[in-house]
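This report concerns only the one structure given below.
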Amino acid sequence: MPETEGPGVAKVIELIGSSTKGWEDATANAIQEAARTVKNIKGVYLKECTAKVQGDRIVEYRSNVKITFIVEKER
């Protein structure tokens, strides 16, 4: 757990997740990928949903998300 002395700092990164299943799955994929290298993720903001279409059907769902995490203080 990060130290909490004094005011904390949060950082926001923007990602686009994708899925063939749906927007919720695309959002979850973005969070899971971010969690591989980012610690202390505290929230996600779903900014936009889009999709790739071929013919008359959706073939890829895309979620543009902003992920918020707490920046750890150096000791």
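For the chain, a crude dipole built from +1 on the beta carbon of Lys and Arg and -1 on the beta carbon of Asp and Glu, taken about the Cα centre, is about 40 debye to the nearest 20. Full extension of the segment from residue 40 to residue 10, taken as 0.36 nm per residue of separation minus the current Cα-Cα distance, would add 9.8 nm.
Using only alpha carbons, the chain has a radius of gyration to Kirkwood radius ratio (Rg to Rh) of 1.14.
Here, each number is a calculation from the coordinates, and none is a lab measurement. What you see is a predicted model, and the numbers here were worked out from it, not measured in a lab. Methodologically, a virtual Cβ is constructed for each residue, glycine included, from the backbone with ideal geometry; neighbour enumeration extends over all protein chains shown.
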